[in-house]
1. Does residue 123 satisfy the condition of being of a type outside the set (Ser, Thr, Tyr), within 16 Å of the ligand (Cβ to nearest atom) and out of contact with any His (no Cβ under 7 Å at 6 or more places or on another chain)?
2. Would a scan of region 56-77 turn up a residue that is at pLDDT below 95 and closer than 22 Å to residue 123 by Cα?
3. Residue 104 is checked against (1) exposed (fewer than 15 other Cβ atoms within 10 Å of the Cβ); (2) touching a Phe, Trp or Tyr at 6+ places or on another chain (Cβ under 7 Å) and fails just one. What number does that condition carry?
4. Within region 102-122, take every residue that is charged (D, E, K, R) and part of a loop (DSSP other than H, G, I, E, B) and give me the one that is farthest from residue 41 (Cα to Cα).
5. Tell me which residues, restricted to region 75-101, are outside any loop (DSSP other than H, G, I, E, B) and loosely packed, with under 13 Cβ neighbours inside 10 Å.
Amino acid sequence: MAEFPRPSPLPDRDTAPFWEAQNNHELKFQRCTGCETVRYPVGPLCPECHSFDFEWITSSGRGTIYSYTIVRHQTHPAFAPPYTVLLVEMEEGPRIIAQLQASEDARFAIDTPVHIEWEDHPGQALPVFVLDS
Ligand SMILES: [Zn+2]
């Protein structure tokens, strides 16, 4: 069976720097220069103080599992089940979603430490999470 392409992000004026950083294997967050809030997803203004001013910061790539789900039914032809999707609270505060890359018998739970590794897909690198050893 031919491999079905993954859906790709559609960068816009606000999100282009975020996606470009990922192609350099860096996860970037916006930090408000008005109130220091680190925010994700990328957006034009701070949800806390409504400032338009921000700087990009680079995530350490480390976090802990906040929640997860194991997908057992195929919902998109590019993603063959079963696979595990994690919601990870990053050290900088924001929570991001990505797949877990681990063996089927890997053991993990809420609060298990994980870190990002990168998969290079055509045109876009994307993060996956790996359990800390
Ligand atoms: Zn702010």
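1. It is false that residue 123 is of a type outside the set (Ser, Thr, Tyr), within 16 Å of the ligand (Cβ to nearest atom) and out of contact with any His (no Cβ under 7 Å at 6 or more places or on another chain).
2. yes
3. The number of the failed condition is (2).
4. The selected residue is 105.
5. none
Conditions tested, residue by residue: (1) of a type in the set (Gly, Ala, Ser); (2) away from the ligand (no atom under 16 Å from the Cβ); (3) part of a loop (DSSP other than H, G, I, E, B).
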site	(1), (2), (3)
6	no, yes, yes
9	no, yes, yes
18	no, yes, no
29	no, no, no
42	no, no, yes
45	no, no, yes
48	no, no, yes
51	yes, no, yes
66	no, yes, no
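So that you can scan it fast, the table gives a plain yes or no per residue for (1) hydrophobic (A, V, I, L, M, F, W, C); (2) closer than 20 Å to residue 19 by Cβ; (3) in the same structural domain as residue 14 (by TED's automatic domain parsing):
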residue	(1), (2), (3)
37	no, no, yes
44	no, yes, yes
73	no, no, no
105	no, no, no
110	yes, no, no
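A quick yes/no check of all residues on (1) under 27 Å from residue 131 (Cβ atoms); (2) in contact with a strand residue (DSSP E or B) (Cβ under 8 Å, 6 or more places away or on another chain):
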{"residue": "51", "(1), (2)": "no, yes"}
{"residue": "57", "(1), (2)": "yes, yes"}
{"residue": "64", "(1), (2)": "yes, yes"}
{"residue": "71", "(1), (2)": "yes, yes"}
{"residue": "78", "(1), (2)": "yes, no"}
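The values are calculated or read from the model by the stated rules, or taken from the named source; none is laboratory data. All values reported here derive from a predicted model rather than from experimental measurement. In this analysis, Cβ positions are derived from the backbone assuming ideal geometry, glycine residues included, and neighbour counts consider all displayed protein chains.
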